[in-house]
Structures are given as C-alpha cells and as structure tokens.
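All remarks here apply to the structure that follows.
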Amino acid sequence: MKNSNMKRTGQTVTPSVVADRSKAKVVPSLLPKSSNSCLGYPSPHVAQGRARLEQVKIIKEDCLLETPIIFVGIDVCKAQLDVAIRPTAQTLSVTNDKAGIKTLIKHLEKLQPNLVVLESTGGLERQVMLALIGAEISVVMANPRQIRDFAKSTGQLAKTDRIDAAVLAHYAQAIRPKPRPLPDELTLELRSLTVRRRQIIDMIVAEKNHLATAPKAIKKRISAHIAYLEQDLDGADQDLDRFIQNNPLCKENQEILCSTPSIGPVSSRTLLAELPELGTLGRKQISALVGLAPFPRDSGTLKGRRTIWGGRASVRGVLYMATLVATRCNSIIRDFYKRLKAKGKPFKVALVACMRKLLTILNAMIKHKTRWSENFSHQAT
C-alpha cells in the first residue's frame, strides 16, 4: 500500500498491519454509516490538505476485516411473508405462495445467512420452512411466546408484521437458537390424525354443554349433530389404528408403550404424535420439554415454591390421566405416590412427580426398545 505511514487521528498505520488488512475481504456496501463508524464523516485532514480523499477511504474500508454475519427474521401471514435482515436493516415482502417463496429463497441464497428464524403460525409456516431446509439454509421455528417476551424485554411494545419480522431477526442475532430437525412425514401425518380426533372430542363436549341448556326447538338438531360427531370419532379412531398398523416403527413403539399399566391406545398415540423426541433425550431434557420440570423461584433469602411451566399441554393432558390411573394399578407409580403422600406432599405435587417418573420410564423403554417390567423401571429412574 502506498504511503504506509499515513496518519489517522494520531495513529500510525504500520506496513505489517496494512499487509494483513489487504488480505481481508472488505464489503464497503455493508459498512455502517454513522459518525462513530469506520466510514464516519469525511476526515478534517482532507479539507486541511494533509491527506488525499482516496487515502482516507482506503484506511477506513480496511477497518472492516470480515463480512458481517447475516441473520434473517420472517413473519408469516396467510397472504405474505415479511422479511427483515440484520445487520443491514434490509426488508422485503413476498407472497406466501410458491412464486413468492422461490423469490425469497433466491435472495437468501445470495446473502448466505447464518440463521433464519420464523414463528410457529398454525401450519402456515410449513411451506416456507421446507423450502429453506431444501435450500440448505439454517432455520429455526421459534415459540411465539418467547418472541413476544423478547420484544417486550427490548422495549418494543408495538406489533405489526414488519416489526415482528425485525424482532425475529434481532432474536436470531442475540439468542442464536440451535436449529432442530423437523419431524418426518410419518410423524406429521400421525400428528394431524391425532389433532383431528382431539378437535372432534372438543366439538362433542361443546355440543353436549349446549344441549343441557338449549330450548326444546333446537335440541333435536343438537342431538343429531352429537350423533354425527360420535360416528366421526369412531372413524378417526379407525384411521389412527390403520395408520399405526401399516407403519412397523409406530406399531412397535405403541406396543412398547401399551405394555405399561395405565397406558392405553389414546395415550400411546398422543405420545408418538406429539412427542417424537421420546427415547432420544435424557430424563431432565424430556421432562422440561413436556413441561414437567419444576423451576425455582428464589431471590436472596427467599425460597419460592417450585412450579412447572410451559411445555406441551396435549402430552401433559394424557400423562395426567394415565398417572391418575397408575396411582391405583401400576405398582411402581402407586408405591412412589404413597411415599410422597406419607411425607406430607400435596395431591398435585405428588401427582406431577409421578407424571415425571412415568415419563422417565416411558422414555427409557422407547430408547432401549424394552417392554414394561418392574426391574427395568427401577433401573430407569
């Protein structure tokens, strides 16, 4: 570099530093443009005739030694995708269809982002997420509650699609969540069948509640609807049984789960569909994932009550009923429950501890492909 001893605000640029900087990849278009950045405002030395403009520009561009890491946030709507990119502050919107997603993928392939984060949006995000995975772009589907809490922690109270995309990009840059593999097609299909069955049950319960207080003029119609839904429920059960029987892995895992006293077809289907991580995580990780790990609330000398929080409500629901039965018919869980009650533990505290113990046993059974036995259950916990 010419004039290696050029001065910049009292500093001398040595030849070795210049040589190292010349090897770095400089991206001038991504340099920040503020008074505190390397580009900053024009140097006063130029106006004073002590340095040429091109010399100052070279020194300032050399301050950036590597390309910035790119993070992308995508807010998913039914009609469009709002995209925010950090640290360039670039934004764009594309339609949430094949053409729009194709345009987005081409743009991101040029940027080569380190991480893309989007929210779970009731299935609307699945198409773009599969496209990102197909393009080998690292992507994470974040929990909407965590994103909203993150936004509030930064003082961002307003909420629009563009703001949400910017918050997602900021979350990606600050937290850098680790990408996790998506459930395979088999698990997703089983989950959709299980969710549909649960929706039918919810509709039956709602209609029965209506029937209790409905006037005589509409009771006949409500009763007919309940009969139709109950028939549809039988069909949903048959579809689930047929699906599991046609898939050897699901069939094997269901047989292992159902060998446990208090675990029946409904519980086993829900565990297989809603908890595909069963058998792949440790006991602490699986408990936290389901929402059965007690979290402390301590501050100084205060020792607060431990409570469970978050997790997968549908899995906790079936585990609750299965554990309630297990405290009567499963010797391992029954004895554990009695010991806790003898120590003065409240009913719900003892029951949640039993739920966690039952989940730990089921996790070990799937991991080792072992059916229920009292000896193995003692070893697993």
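Using the alpha carbons of the range 71-175, what is the convex hull volume per residue in cubic angstrom, as a whole number?
87
Restricting attention to the alpha-carbon atoms of the range 188-380, what are Rg (one decimal) and Dmax (integer), both in Å?
Computed over the Cα atoms of the range 188-380, radius of gyration and Dmax are 19.4, 63 Å.
Would you give the gap between the C-alpha center of the range 290-337 and the C-alpha center of the range 347-366, rounded to a whole Å?
The range 290-337 and the range 347-366 have Cα centres spaced 7 Å from each other.
I want to verify the translational diffusion coefficient of the range 267-310 in µm²/s; compute it with Stokes-Einstein, Rh as the Kirkwood radius over Cα pairs, at 20 °C and 1.002 mPa s.
After rounding, the answer is 177 µm²/s.
Would you pull out the residues with amide H under 5 Å of THR95's amide H, same chain only if 5 or more places away, H placed 1.01 Å from N?
The list, which skips near neighbours in sequence, is LEU81, GLY100.
Hey, can you grab everything whose amide H is under 5 Å from the amide H of GLN90? Only 5+ residues off in sequence or another chain; H modelled, so Pro and N-termini drop out.
ILE85
Residue by residue through the range 158-172, what is 3J(HN,Hα) from phi via Karplus (6.51 cos²θ - 1.76 cosθ + 1.60, θ = phi - 60°)? Round to whole Hz and write x for glycine and proline.
Going residue by residue, I get 5, 9, 9, 4, 5, 5, 4, 5, 5, 5, 4, 5, 5, 4, 4 Hz, with x marking Gly and Pro.
List the pairs from LYS251/LYS343; LYS106/LYS178; LYS284/LYS369; LYS343/LYS369 whose alpha-carbon separation is above 31 Å, in the order I gave them.
Check vs 31 Å cut-off fails for LYS251/LYS343; LYS343/LYS369.
By what distance, in whole Å, do the Cα atoms of the range 143-281 stretch along each of the three principal axes, largest value first?
Answer, in whole Å and largest first: 55, 47, 26 Å.
Show the residues, 5+ positions off or on another chain, whose built amide H is closer than 5 Å to the amide H of GLY291.
HN-HN under 5 Å from GLY291: ARG312.
Can you compute the label reach from ALA224? Point 7 Å from Cα along the Cβ direction, backbone N cut-off under 17 Å, restricted to the range 187-212.
Backbone N within reach: 207-208, 211.
With θ taken as phi - 60° and the coefficients 6.51, -1.76 and 1.60, list the Karplus ³J(HN,Hα) couplings across the range 189-202 in order, rounded to whole Hz; mark glycine and proline as x.
Each residue's phi maps through the Karplus curve to give 5, 5, 5, 5, 5, 5, 5, 5, 4, 5, 5, 5, 4, 4 Hz.
How large is ³J(HN,Hα), in whole Hz, for each residue of the range 359-374 in order, when computed from phi with the Karplus curve 6.51 cos²θ - 1.76 cosθ + 1.60 and θ = phi - 60°, using x for Gly and Pro?
Running phi through 6.51 cos²θ - 1.76 cosθ + 1.60 with θ = phi - 60° gives 5, 4, 5, 5, 4, 5, 5, 5, 4, 9, 6, 10, 6, 4, 7, 5 Hz.
Each value in this text was obtained by applying a stated rule to the coordinates, not by laboratory testing. Everything numeric in this text was worked out from a predicted model, so none of it was measured. All Cβ positions, even for glycine, are placed from backbone atoms using ideal geometry, and neighbour counts span all protein chains on display.
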